[in-house]
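The values are calculated or read from the model by the stated rules, or taken from the named source; none is laboratory data. Nothing here was measured: the structure is a model prediction, and the numbers come from that model. Note that we place each Cβ from the backbone using ideal geometry, even for glycine, and neighbour counts take in every protein chain shown.
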Amino acid sequence: MDLTPSDRDALVVVDVQNDFCPGGALAVTEGDAVVPLANALGRRFRHVILTQDWHPAGHASFASTHGKTPFETVELSYGTQVLWPDHCIQGTNGAEFHPGLDIPHARAVIRKGLNPAVDSYSGFREADRVSPTGLAGYVGDLGVDRVFLCGLATDFCVAWTAFDAREAGLEVVVVEDACRGIDLDGSLARARAEMDARGIVRIAMRDLA
Ligand code: VGL
Ligand code: ZN
């Protein structure tokens, strides 16, 4: 595969938000390390989309909503939901992009996880597997047939975005060293295996040189 970015490619920067960085409510180890890499990647793409986890208070993915402890699971209408600390609440500082994120030509921000009853790891589709965010239509309208992904977290929002991009008929490239994972009970290894099984290409920054 020729990895040189062209106008038929889009970069999707997933959830590079304060709550997923050190000091945040759902901090990913070294989450802030992806910021300079996302910025460098951004300069290589004409089309850049940012996703933003954007939950209402009392969201169904919050442990506090169910009187439970973070990282327990609960059965919701659409299946098993991991419960998280309250994070990325609309309008809070934790929901803002990391202040170092510097991709001024990023034209679209896809907010997700707005439905109080349904989570959305994926930038394309909510966890009920039927409610679209509009991202597939947006990139399709631009003539994009391949997306490159970076950001947080490798094994949740990046992975689910990659799976749904593939199901939308796009080629998918994950820039792994521009991502960081949560790794809950082996979730990182499972996500990588699932990416390989679905024909998602995993690369490193240097492969784009
Ligand atoms: C994420 C858990 C909950 C992510 C978002 O960005 O990977 N993980 N909400
Ligand atoms: Zn979330």
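Determine which member of the set D19, D7, D2 is at pLDDT 95 or above and within 16 Å of ligand 1 (Cβ to nearest atom).
Unique residue meeting the criteria: D19.
Can you find even one residue in region 169-176 that is in a helix (DSSP H, G or I) and either within 16 Å of ligand 1 (Cβ to nearest atom) or touching a helix residue (DSSP H, G or I) at 6+ places or on another chain (Cβ under 9 Å) (or both)?
First, the residues of region 169-176 that are in a helix (DSSP H, G or I): none.
No - not one qualifying residue is present in region 169-176.
Give me the residue from region 119-165 that is within 16 Å of ligand 2 (Cβ to nearest atom) and among the hydroxyl-bearing types (S, T, Y) and, out of that set, surrounded by the fewest Cβ atoms within 10 Å (Cβ to Cβ).
S131
Taking only region 185-209 into account, find how many residues are more than 15 Å from T154 (Cβ to Cβ) and either touching a Leu at 6+ places or on another chain (Cβ under 6 Å) or not basic (K, R) (or both).
5
So, in region 177-205, how many residues would count as being under 22 Å from F45 (Cβ atoms) and in a helix (DSSP H, G or I)?
Kept after step one, since they are under 22 Å from F45 (Cβ atoms), are these residues of region 177-205: 177-180, 195, 199-205.
If we keep only those that are in a helix (DSSP H, G or I) as well, we get 195, 205.
Adding up the residues that qualify gives 2.
Inside region 71-82, can you point out the residues that are in contact with a strand residue (DSSP E or B) (Cβ under 6 Å, 6 or more places away or on another chain) and within 14 Å of ligand 2 (Cβ to nearest atom)?
Result: Q81, V82.
State whether one or more residues within region 26-35 are among the polar types (S, T, N, Q), at pLDDT 95 or above and touching a strand residue (DSSP E or B) at 6+ places or on another chain (Cβ under 8 Å).
yes
Specify the residue that is farthest from D128 (Cα to Cα); the eligible residues are those in region 74-98 that are without any contact (Cβ under 8 Å) to a residue 60 or more places away in the chain and surrounded by fewer than 13 Cβ atoms within 10 Å (Cβ to Cβ).
Out of the qualifying residues, it is G91.
What's the number of the only condition in (1) surrounded by fewer than 18 Cβ atoms within 10 Å (Cβ to Cβ); (2) touching a Leu at 6+ places or on another chain (Cβ under 7 Å); (3) assigned to a loop (DSSP other than H, G, I, E, B); (4) not basic (K, R) that V109 fails to meet?
Condition not satisfied by V109: (3).
Suppose we filter region 1-34 for residues that are more than 16 Å from ligand 2 (Cβ to nearest atom), of a type in the set (D, E, K, R) and in a loop (DSSP other than H, G, I, E, B); how many remain?
Qualifying residue count, region 1-34: 4.
Can you tell me which residue is farthest from ligand 1 (Cβ to nearest atom) among those in region 147-157 that are farther than 13 Å from L135 by Cα and in contact with an Asp or Glu (Cβ under 8 Å, 6 or more places away or on another chain)? If you could, list the steps in order and put the result at the bottom.
Restricting attention to region 147-157, the residues satisfying the condition of being farther than 13 Å from L135 by Cα are 148-157.
Narrowing further to those that are in contact with an Asp or Glu (Cβ under 8 Å, 6 or more places away or on another chain): 148, 151-155, 157.
Working: F148: 17, G151: 8, L152: 5, A153: 4, T154: 8, D155: 8, C157: 3 Å.
Step by step, filter region 147-157, then rank; the result is F148.
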